[in-house]
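Notes follow the structure.
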Amino acid sequence: VGKYGNGPDEFIFGDIIPTTDPDCLCYLMEITRDKLYKLTRKGEIVPYPYSFKSSTSKENFKEYIHNIGKDDFIYTDKSKSGRSIFRSYPEGDSIVCKELCSLQVDPELKSPFAYTGYFAVNPEKNRMAFAYKYYKKLKFMTMDASVIKDIDYDRQKFDEKTLHKVDGLDYNLTHYWGISGCDDYVYLVYSGRTPREVTAEWNEDNVYIYVEQYDWNGNPIRKYRLKDFFGYISVDEGRGTILGVSTVYDDPYTEFKLPE
């Protein structure tokens, strides 16, 4: 749905936002313009007049936005410490923006790119989870971030010099590379290699990626190795399947059956 372009109501970098609203399939966000839309169940794109209050400059860094109620959104964004989790919600006639939790790892490093990651929420369980792309590190939190569980597997230092190189981030090890938050568990895609190493293995016909399964309290359950696949995932716990979406294959969809 939608049109690609810089024109009015066209999309360059679109984001899909899950919603609790039964009247629409999801929200759509044009990240470059902080412009929000509803996608109706008839496939219509309708502008949604909601203005996110940013905590920082006019630059757009919002990622992984979740709608948890009417005009109530939780997301990650650039902050004074690099990147943080924010909540924007109505209060009277105004929209309040509240910083819930800083995602900073290194006190000396305040680049939002260093703290790129993947964010999932489960309001029913009062839980949020964040997985870092460039650190082997996870955060499990209550929805207000009053209780935080840090899981720190590897304090490998992010190479700050790569921020000044062309494609410099690709010199860093990619740890977590996706997330799928479900009713009972959260599933995390894990690479553990640099993009260059993945490409070399691909040329040797050695394609794979891992999926780590945790409960919403941050307890590890299982780890899966998806063979002949590298991409993004969405887990359907009801059907017991992992839907893999690849960005490089002609047939992008692969379905994996979860073990009993």
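The values are calculated or read from the model by the stated rules, or taken from the named source; none is laboratory data. This structure is a prediction, so every number in the text was calculated from the model and none was measured. Glycine gets a Cβ as well: all are built from the backbone with ideal geometry, and neighbour counts include every protein chain shown. These area figures cover heavy atoms from the full protein model, side chains too; ligands, DNA and RNA do not enter into them. Shrake-Rupley method; radii C 1.70, N 1.55, O 1.52, S 1.80 Å.
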(message) Among the residues in the range 67-80, are any farther than 27 Å from Lys139 by Cβ and out of contact with any strand residue (DSSP E or B) (no Cβ under 8 Å at 6 or more places or on another chain)?
(response) no
(message) Quick check on this structure: which one of Ser146, Ser191, Ser180 is outside any strand (DSSP E or B), of a type in the set (S, T, N, Q) and at pLDDT 85 or above?
(response) Ser146
(message) Name the single residue that is farthest from Tyr135 (Cα to Cα) among those in the range 234-244 being open to solvent by less than 50 Å² (accessible area, probe 1.4 Å) and assigned to a strand (DSSP E or B).
(response) Thr241
(request) Among residues belonging to the range 199-228 that are among the acidic types (Asp, Glu) and under 29 Å from Asp183 (Cα atoms), point out the one that is least open to solvent (accessible area, probe 1.4 Å). (result) Glu212
(message) With the requirement that a residue be over 30 Å from Thr142 (Cα atoms) and either free of Cβ contacts under 8 Å to residues at least 12 places away in the same chain or part of a strand (DSSP E or B) (or both), what does the range 194-223 give you?
(response) Glu197, Thr199, Ala200, Glu201, Asn203, Glu204, Asp205, Asn206, Tyr208
(message) aliphatic (A, V, I, L, M), open to solvent by 20 Å² or more (accessible area, probe 1.4 Å), at pLDDT 90 or above and over 22 Å from Ser234 (Cα atoms): which single residue out of Leu169, Leu100, Leu163 fits that description?
(response) Leu100
(request) Quick one: which strands (runs of 3 or more DSSP E) lie wholly within the range 1-47 and hold at least 2 residues that are in contact (Cβ under 8 Å) with a residue 40 or more places away in the chain? (result) 14-17
(message) So Glu63 passes all but one of these: (1) over 23 Å from Leu173 (Cα atoms); (2) acidic (Asp, Glu); (3) crowded, with 18+ Cβ neighbours inside 10 Å. Which condition number does it fail?
(response) (1)
(request) Of the numbered conditions (1) out of contact with any strand residue (DSSP E or B) (no Cβ under 9 Å at 6 or more places or on another chain); (2) of a type in the set (Gly, Ala, Ser); (3) surrounded by 12 or more Cβ atoms within 10 Å (Cβ to Cβ), Gly231 fails exactly one; give the number of that condition. (result) (1)
(message) For Asp152, only one of the following conditions fails: (1) at pLDDT 90 or above; (2) in a strand (DSSP E or B). What is its number?
(response) (1)
